[in-house]
1. Once you have all Cα-Cα distances for the stretch 345-477, histogram them in 10 Å bins from zero and send the whole-percent values.
2. Applying the Karplus parametrisation 6.51 cos²θ - 1.76 cosθ + 1.60 with θ = phi - 60° to the phi angles of the stretch 431-447, what ³J(HN,Hα) value in whole Hz is obtained for each residue in order, glycine and proline being reported as x?
3. May I ask you to evaluate 6.51 cos²θ - 1.76 cosθ + 1.60, the Karplus curve with θ = phi - 60°, for each residue of the stretch 247-255 and list the ³J(HN,Hα) values in order in whole Hz, giving x for glycine and proline?
4. Which value, in Å to one decimal place, does the Kirkwood hydrodynamic radius take for the stretch 188-281 when every pair of different Cα atoms is included?
5. How big is the Kirkwood radius of the stretch 61-101, worked out from every pair of different alpha carbons and given in Å to one decimal?
6. Over the alpha carbons of the chain, what is the largest minus smallest coordinate on each principal axis, giving the biggest first in Å?
7. As an exercise, identify the GluC sites (Glu not before Pro) in the stretch 1-52 lying in DSSP coil whose Cβ has no more than 10 other Cβ atoms within 10 Å.
8. How compact and how long is the stretch 1-148, expressed as Rg and Dmax of its alpha-carbon atoms in Å?
Amino acid sequence: MELSEAALIESFNAAGQGQVFQFLDELDAASRAALLAQAARIDLAEVAGLVAAHVTGAHTGGLDLEGLEPAPCIARPENGGDPDRWAAAWAAGSAAIQAGRVAAFTVAGGQGTRLGYDGPKGTYPVTPVREKTLFQVFAEKIARSGERFGVTIPWFILTSGINNTATIEAFEAAEYFGLPKDSVHFIVQGLVPAVDGAGKILLAEKGQIAMTPDGHGGALRALVRSGAVATMEAAGIDIVSYFQVDNPIVQCVDPAFIGFHVLGHSELSSKMVPKAYALEKVGHFCLQRGQALVVEYSDMPESLQEATNADGGLRFNAGSVAIHIFDRDFIARAGGDCSGAKLPFHRANKKIPFIDAQGERIVPTEPNGIKFEMFVFDALPLAKDPVIIEAARGDDFSPVKNAEGVDSPQSCREDQLRLFARWLKAAGVAIETDATGLPPFRFEISHRFAADEADFTGQWAQLDPKPEIKEGVVIGE
Ligand code: UTP
């Protein structure tokens, strides 16, 4: 039901949020209408609950860590896993892809503030030679996986109100990177108002409320609210392969991973990588009172992060890399309105530019505000029969998060080169690399050509003539 203007303003006053309309009389007609429309989309009850729980209310302190154990994970064959089980998983996953049951899902609604790039992160160039964008890399991988199994794999992309238009424009300009346009679906995630230390909603401009995306956990309710879950159901899709926009080496549609999910009757499956070192800043896959969960490094005492087993290995060794498979009905449940299964919100203190009571725009140098986000891995304790499999870091995880240093464009480019060099070596091609596996020159393997190492080996065998491997070469174009 739409409220009248007066009723809308009154509802904000009653909720103690009347400051939002403090400058209403100074606005022109268009700005006034825009502010009122923005305000009408805010769920005041949700905001009140968040403020009570995370801002003004008594904080409960740290996470309950009682009885925390490492979660069981399926090891890779080279680390003691059963090769026959992996082969069976690959076969089951391939059959599911072939049957058209699988969609790819990229979460790309974040603000990418650490990278400091102006534009949707998916339009950031990442490959070593062609400088293809993240979106193009994923599009090519999805197209190749579909071609390999004789299907068109639908691709759902989560955007936010902040970057949705720019994202669609980038796809239009690139003619959807050769994908059928109707196989690409954009889903807009929700925005939540940012508040100050007293729980008051902040204004970004006199006529604009400061809103931030509701976190990657918001993906689940966005998939439900947008009708994407219904679209999937109508198309016979029940397996959703989830990955982040900032990780170009992810296997977007990994048959073995999908197979483990299917064979385990899992509602939510996850990939883990062994931690690079004890205090690596990743979430940890754990078990508590029989339920799987991810505990962020910031919630985990160092003594637990560093704890070892009798063999000297790290006890909590399974790092989360934000790669999951969701069961469609589970998304409907965890992202739906009327269920006990709900993702919690978390509080993050941020520097949020705002308009003060005098109408001055303030750009803070210290965190002044609070934003609320849901995390997708909080769905794990809600899921039945979760499966966690080990992934090789170099085959699946090298995100572009920061402008420089760890997880930067450069570290990611080098990881791509290492991966390409490994694929060539697996296909029997001699290529010089340093002790870290990095070749001394830049080249690239087209993702349209091969989706993984086994695929590359097969494709390479058939390639005639074979290119010379040297600086600047692009294989498979
Ligand atoms: P990050 O946690 O890296 O956040 O998101 P971010 O917003 O992209 O970057 P910073 O922290 O501002 O530098 C991990 C993944 O989750 C998506 C991002 O797009 C990225 O793929 N995400 C994050 C969303 O889709 N929505 C959100 O609200 C937050």
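1. 10, 26, 23, 17, 16, 8, 2, 0
2. Going residue by residue, I get 9, 6, 9, 7, 4, 8, x, 8, x, x, 9, 8, 8, 8, 10, 5, 6 Hz, with x marking Gly and Pro.
3. Along the stretch 247-255, the couplings run 10, x, 8, 4, 7, 4, 9, 9, x Hz.
4. Numbers: mean 1/r = 0.0588 Å⁻¹.
This gives a value of 17.0 Å.
5. Hydrodynamic radius (Kirkwood, Cα only) of the stretch 61-101 equals 13.2 Å.
6. Projected onto the principal axes, the Cα atoms of the chain cover 72, 54, 45 Å.
7. Details: sites: E2, E5, E10, E26, E46; in loops: E2.
Passing both the DSSP loop test and the Cβ count: E2.
8. In order Rg, Dmax, the Cα atoms of the stretch 1-148 give 25.4, 71 Å.
Only the coordinates and a few stated rules stand behind these numbers; no lab work does. Just so you know, these numbers come straight off a predicted model, no measurement behind them. Backbone-built Cβ (ideal geometry, glycine too); neighbour counts: all protein chains shown.
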